[in-house]
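These notes are about the structure you will find just below.
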Amino acid sequence: MPKLTRFSAPAGLRDASPGDWSARIVAAISPYLSGHPQFYDPTKVDTPPNAQQPMLSWAAFPAALRIETGSKLQSWKLADRDRSLQDEYCEWTVERNSSRKITRITFTTEVPEYWEHLAATDPDRLVGLYREFVDPRAKLSHLLDRQGNYLRQNRWNNSRPGCLAHLMQANNTLLAAIDLIARATIPRIKNGEPVINQQELVRCAGLGNPLRNSDPQIASAINIAAREGNSITLADPPGLHLGRPLTAGMVTPDGADAARFWRIDRGDAEHTLRARFEVPAARRYVVGDIKIDGQPISFGGQVADRVPVWVKAVVKKGNRKPRPRPCGG
Amino acid sequence: MADETCRAFDSVAPFDPKALHRFVVGADPAPRRMSPAEVRALGDPFASLLIARGKLPISGEQVLAMLKAAVPKNDPLREQHSFVLGEGSQIAAARPGSVDPTIRFVVTLGRGPDGPDVFLSAADPRQSGGIEVMAWDRKAGGFNFYRSTGNRAMWMFAGNSRDALRDSSRGKGPFESHPSGSLLMKELKSPWINWHSPDANIAETVFAANDPRRKHEWFVRKEPGGGLTFEFEAARPAMTRWAKARFAALGGKARTVTRPRHIMEQILDTPTVNLSTTHIESRALTPASQLDLPPTFFVDSEALSEVLGLRFPPPFTVSGKIYAKCLSKFDVRLEDGEGFSQKGDTHFCFLVTERAFEDQLALREALKVGLITKRLAACLLMVDPWNPVFSKRRRALLRHVPATTAIAKGKSRFSADLVSAILRAADRGPAGTPEAEFANRWKVGPGFAGEFNRFLGRYYAAVARQLRKQAGFEGYFKLAEERRQEFRATMPIAEFPLLLPRTNITASGRRMRADGTVEGG
């Protein structure tokens, strides 16, 4: 495969200014190219067709929160209430009916940078998306500050039920993922031994929170590939994606396979950016009537435990002799 | 005496590799060729799509290829997922060649609300002997267990899940490791120690550079979610599927439950265990770390809280400083029995035994079909609740379980009969017996939740106090080791030497007390 002409919009979605989006990605990558010899820009360097594209996957539910609370129930309650706790590159919102039963859980992995790009290049589309997916009352003025800058957290994108447009937790950004991938290409050494264990690597290289699901997994997989002398970059289209939820074992009132209740709203089956878990009205029951391990689904977190999130990297076979650095360096 | 362990399959004389043999260890003295009618009676995909059609694969990869080829393109059986695990996988990946990583692949075919229909386990996709297949029998219910042996893969039918519950084959052959006939995933929960998972990748350096498994699709295209996916898409649904099928016979019209003891052993005793750990990697341990200790080490919270609705335990944590001192004081190390020794703990700290999920399912189903009442379950499990596994006191109550009982439309005399038997024994015996402890719990009455929650609350507070002190946690550390030693001594699933850490702690009959201290030093 020759050089990538340009980076695609998330999930290959239609975009009015694709060059601008690609330029944003290139600008995000550029600072890492010097100092990270095994990280490269695929728009500037060839990628051979046999390059592997490993999928790095983890669960959407925040692991650090689970560990801190020590209780599934407590962590589900807290995470549902506050999106700033949902820090695994995936956020969700829960909607309930008048009986407080869950009717819909919507998940997103859409990065805020793309919505900033839309604000700058196609504000009508931006407002249209808000109106389509959040609330028809959305206006451009609700989404911008006085200087005209896009507000990642705004009236229609916050922790209130149903107000979910894209990721807003401080660490859930494409820049954070790029930073992690680029810096994880540096092998590390401690006391003369390679640092390969996930949490140890994250701590050693300052690659995020060692107790999250995502950071250690991404860092470790990239680092393993880098230690073998390979060159690494983001797969196109760059972004974080949702996997199909792990619905086996969910018991529905009519025996239907709960996998059928996963509806993709943005992207496609291969690159899902936004999806909802919702029972079609014709079935006359709701998500809250579905049971997991004998308990009804009462929290979005119960499903988030089973929603995989993933990112793909490109691993170009190489014969570099990586020079490991000490921790902190 | 004949070998009745799961190794029995490796010592059989070579028979005809072109036929399926029946060898239900304990029930059959030796493998015998199955008739075509017997093969046709097996209702699982392996038997019906391959064996009954005269197709006998000679390797694991052939099993999968032939099964997929036997079904239409959109058949769920075409959906294949591979998973990788190995007790020495993290050590071997870091230091290639230092230990045998004991790598196994588990590959599944099929998907649906009940999980996959076929599970295959083998160390090498191309090996002929030692392949294990479990396939769901849609006619009889339960999994059919198959095992290959020899260089030409002679296949044996090793029994159905129901054989795990028959006197002749109970605890023998495959049912040593699958005591209730269920699927086994002993490291069932995050961080799924020993499994490739989002919490711990298994790198290709686990294999020698020239090992073909490095490039085999089972490894290269392994399921990215690893243990996470297997837990939710395969293991829990498969265990639940069998538990439901097993107990379905007790629902509805009048039935005799011929061996209620088998069910009660899963509730009162410890026929098998799952293994759980903190989420803290041993090598990432620092004095400032807070280790999230598995609550199920302290109490059977899955039964008491999740099923019976009693108070959940609080988060139990211990500082990295206290934990590190234990590692040093008790000379914790990993050894493979072949000269390898490494100071420190397993990949994730504090590996402990907990009540197995398959036993939790037995409790849930026994409640659901009406064999036992919620009050009885709560009173039984609140006998010595401080020792969720290997409790001799709860085990002692098994002697009162009626030999048989009847059940009809969700009603049974079983609970009343068992309660009466235990209360009679309590009346006759001295104070302090398990029966007396049960009687005290029973006396609380049908509104037991408040009082039981107070017992649990006092215990949780006492544990939390102990966890702040070096001496307090050392007691727990020694208790954890003693439980691991009992697991190693009594359960064949502890077969791999790198599964458990070694220490200088010797067994002394330790058990947890209600005040959060450990009896036995």
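Only the coordinates and a few stated rules stand behind these numbers; no lab work does. Here the structure is a predicted model, which is why all the values come from computation and not from measurement. Quick reminder, even Gly has a Cβ in these numbers, built from the backbone with ideal geometry, and neighbours come from all protein chains shown.
Just a few scattered comments:
- Candidate cross-link partners of residue B:469 among the lysines, defined by an alpha-carbon separation under 17 Å and a same-chain spacing of 8 or more, comprise B:321, B:325, B:329, B:478.
- Within the straight-line cut-off of under 20 Å between alpha carbons, the lysines reachable from residue B:73 are B:55, sequence neighbours fewer than 8 places apart in one chain being disregarded.
- In segment A:86-145, the trypsin sites (Lys or Arg not before Pro) that fall in loop regions by DSSP, at most 10 other Cβ within 10 Å: A:100, A:137
- Sorted from longest to shortest, the spans of the Cα atoms of chain A along the three principal axes equal 61, 44, 37 Å.
- Translational diffusion coefficient (Stokes-Einstein; Kirkwood radius from C-alpha pairs) of segment B:136-271 at 37 °C, 0.692 mPa s, in µm²/s: 187
- Three-way shape call for segment A:45-103 based on the alpha-carbon gyration tensor, with the a/c threshold at 1.5: prolate
- For segment B:469-521, applying the loop criterion from DSSP together with a ceiling of 13 other beta carbons within 10 Å to the trypsin sites (Lys or Arg not before Pro) yields B:469.
- Kirkwood radius and radius of gyration were both taken over the C-alpha atoms of segment B:32-72, and their ratio Rg/Rh is 0.98.
- Shape category assigned to chain B from the gyration tensor of Cα positions, a/c cut at 1.5: oblate
- Judged by a Cβ-Cβ distance under 4.7 Å, the unpaired cysteines of chain A are A:90, A:163.
- Relative contact order of segment B:30-127, defined on C-alpha pairs under 8 angstrom at six or more residues apart (%): 24
- Relative contact order computed over chain A (Cα-Cα under 8 Å; 6+ residues apart), in percent: 27
- Prolate/oblate/rounded label for segment A:7-119 (Cα gyration tensor, a/c 1.5): prolate
- Counting neighbouring Cβ atoms within 10 Å and putting the fewest first, the residues A:315, B:518, A:303, B:220 line up as B:220, B:518, A:315, A:303.
- Between residue B:471 and residue A:17, the C-beta separation translates, for a Förster distance of 51 Å, into a calculated FRET efficiency of about 0.15.
- 19 Å Cα-Cα threshold exceeded, pairs from B:374/B:409; B:244/B:409; B:18/B:139: B:18/B:139
- Contact order normalised by residue count of segment B:195-316, Cα under 8 Å, 6+ apart, percent: 13
- Of all aspartates and glutamates in the structure, the ones whose alpha carbon falls short of 12 Å from that of residue B:343, not counting any fewer than 8 places away in one chain, are B:331, B:335.
- Estimated from helices alone, the mean residue ellipticity of the protein assembly as shown at 222 nm is -8500 deg cm²/dmol (sum of -39500 (n - 2.57) over DSSP H runs with n ≥ 4, per residue).
- When segment A:48-183 is reduced to its Cα atoms, the Kirkwood hydrodynamic radius in Å: 16.5
- Normalised by 2.2 N^0.38 Å, where N is the number of residues, the C-alpha radius of gyration of the protein assembly as shown stands at 0.97.
- Looking at segment B:93-143, the trypsin sites (Lys or Arg not before Pro) that sit in a DSSP loop and have at most 16 other Cβ atoms within 10 Å of their own Cβ are B:126, B:138, B:139.
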